[in-house]
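S.K.: This structure is in structure tokens; I'll ask about it shortly.
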Amino acid sequence: MEVLRIDFHTHIIPESFPDFAEKYGGERWPVLNRTCACGASIMVGGKNFRDVTDQVWDPKKRIQDMDREGVDIQVLSPIPVTFSYWAPPEQAEMMARIQNDFIAETVNEYPDRFAGLGTVPMQNSETAIREMDRCMNELGLHGIEIGTNINGQNLDHPDFIPFFEMAEKWEVPLFIHPWETLGKERMPNHNFMYTIGMPSETALAAASLIWSGMMEKFPNLKICFAHGGGSFPYLIPRLDQGWQVWPHLRLTTHPPSYYAKQFYFDSLNYDPMNISYMIERFGSDKIFMGSDYPFLLREVNPGKVLDETLELTDEQRKAMFGGNAAEFLSLGKRKRGAAVASHSNTGG
């Protein structure tokens, strides 16, 4: 059976961009310092935030990995540290434009291998909507990646309603990725920010959108959560119980589990048992293959957890490996067909 494999969750950054810390001042701007021909450090406030390899900016390296690991198309999204929601909107907009232009250029150079998600300055809805419009209608990107909170405000804050209203109206797919995680001051050791903080942060974001009534207000929003939704899928029964026992707090017609079925999730939870649970709770049509390429916690090879979920039917496998993501992002038939032909020719 021929199966299109789309890696929905990958990150990319331009090989070079202006030093915004020098240009605008402030210590929170990410700065890319090259350490060798094939690597760099992302510096924030003079400290090493993350070491990266040239896989994170070089499309040819990415394609080599894709061919070796059996991936037809990567969906490119920015690294969350570059969101810069804390900055003045006009400065964050400049940071977003640089990244969005780079992602669009990469997609245009290799249209059969990449699709792109942009970033927008969420700290100001008017500015965010303007850049979302540019991403979708000028650059030809396929959606927008946003963070799980904006300067400590959950996504249900009234300031963000205009953005979500337009995203629904324009049918813009949204990929919600954790960043600036809750409780990070308690997670300096063991890299718990990545293994505990991020899944918990994602659960809070998803629950906020549901409990507040946002998903009832905007039922056609297209939202996918990173990392298999973090801990959110496993907390739904507890959220439902809270809705049942606290009727005075209810803001929705139905319990949280009803609206959770509107969400989509990548498959990055590493365990077939978890995939089976998510299929039972949400349906196989709501899950996309995603690897978190090219970072250390990524799944190698992409789709490994789906390959190891043995009870999948051929139809479910085909949908979760690529069909669901293609439909979610409205990828053109030409791109899908060309990618399958290209992958078949490489013997992948």
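The values are calculated or read from the model by the stated rules, or taken from the named source; none is laboratory data. In this text the structure is predicted, and so the values were computed from the model without any measurement. Positions of Cβ are backbone-derived with ideal geometry, glycine not excepted, and every protein chain shown enters the neighbour counts. SASA here: full protein model, heavy atoms, side chains in, ligands and nucleic acids out. Shrake-Rupley method; radii C 1.70, N 1.55, O 1.52, S 1.80 Å.
S.K.: What's the total number of residues in the stretch 69-118 that are of a type in the set (S, T, N, Q), closer than 19 Å to R50 by Cβ and within 13 Å of the chain's Cα centre (by Cα)?
M.R.: 1
S.K.: Here's another thing I want to ask about it. Is it true that D54 is within 20 Å of the chain's Cα centre (by Cα) and either at pLDDT 80 or above or within 27 Å of A325 (Cβ to Cβ) (or both)?
M.R.: So D54 does not fit the description; no.
S.K.: Oh, and also: Only one of these conditions is not met by Y234: (1) farther than 20 Å from L174 by Cβ; (2) assigned to a loop (DSSP other than H, G, I, E, B). Which number is it?
M.R.: (2)
S.K.: From the list H227, H254, which residue is of a type outside the set (A, V, I, L, M, F, W, C) and in contact with a His (Cβ under 9 Å, 6 or more places away or on another chain)? Spell out how you get there, then give the answer.
M.R.: Numbers: H254 fails: in contact with a His (Cβ under 9 Å, 6 or more places away or on another chain).
Of the residues listed, the single one that is of a type outside the set (A, V, I, L, M, F, W, C) and in contact with a His (Cβ under 9 Å, 6 or more places away or on another chain) is H227.
S.K.: On to the next question. Considering each residue of the stretch 190-219, count those that are closer than 16 Å to I176 by Cβ and touching a residue at least 24 places away in the same chain (Cβ under 8 Å), and give that number.
M.R.: Matching residues across the stretch 190-219 total 18.
S.K.: Right, here's the next one. So which residues in the stretch 238-261 are open to solvent by less than 70 Å² (accessible area, probe 1.4 Å) and in a helix (DSSP H, G or I), if there are any at all?
M.R.: Answer for the stretch 238-261, where residues must be open to solvent by less than 70 Å² (accessible area, probe 1.4 Å) and in a helix (DSSP H, G or I): L239, D240, G242, W243, P256, S257, Y259, A260.
S.K.: Then there is this: What pairs come up if the first residue lies in the stretch 26-37 and is on the phi < 0 side of the Ramachandran plot, the second is in a loop (DSSP other than H, G, I, E, B) and open to solvent by 50 Å² or more (accessible area, probe 1.4 Å), and their beta carbons are under 6 Å apart, counting only those six or more places apart or on different chains?
M.R.: R28/W86; V31/D19
S.K.: Next up: Against the definition (out of contact with any helix residue (DSSP H, G or I) (no Cβ under 9 Å at 6 or more places or on another chain) and touching a residue at least 12 places away in the same chain (Cβ under 8 Å)), how does S276 come out, yes or no?
M.R.: yes
S.K.: Which members of the stretch 265-281 meet the condition of being charged (D, E, K, R) and surrounded by 15 or more Cβ atoms within 10 Å (Cβ to Cβ)? Reasoning before the result, please.
M.R.: Within the stretch 265-281, the subset charged (D, E, K, R) is 266, 271, 280-281.
Hits for the stretch 265-281 are D266, R281.
S.K.: If only one of F218, F175, F164 is of a type in the set (F, W, Y) and within 29 Å of F49 (Cα to Cα), which one is it?
M.R.: Numbers: F218 fails: within 29 Å of F49 (Cα to Cα); F164 fails: within 29 Å of F49 (Cα to Cα).
Just one listed residue meets the conditions, F175.
S.K.: I'd like the full set of residues that are closer than 25 Å to Y24 by Cα and without any contact (Cβ under 8 Å) to a residue 40 or more places away in the chain, limited to the stretch 95-116.
M.R.: A96, R97, D101
S.K.: Out of curiosity, is G337 open to solvent by 20 Å² or more (accessible area, probe 1.4 Å), assigned to a loop (DSSP other than H, G, I, E, B) and at pLDDT below 95? Spell out how you get there, then give the answer.
M.R.: Numbers: open to solvent by 20 Å² or more (accessible area, probe 1.4 Å): yes; assigned to a loop (DSSP other than H, G, I, E, B): no; at pLDDT below 95: yes.
When the stated conditions are applied, G337 does not pass them.
S.K.: When residues of the stretch 141-154 are filtered for being touching a helix residue (DSSP H, G or I) at 6+ places or on another chain (Cβ under 7 Å) and under 17 Å from I12 (Cα atoms), how many remain?
M.R.: Residues in the stretch 141-154 being touching a helix residue (DSSP H, G or I) at 6+ places or on another chain (Cβ under 7 Å) and under 17 Å from I12 (Cα atoms): 5 in total.
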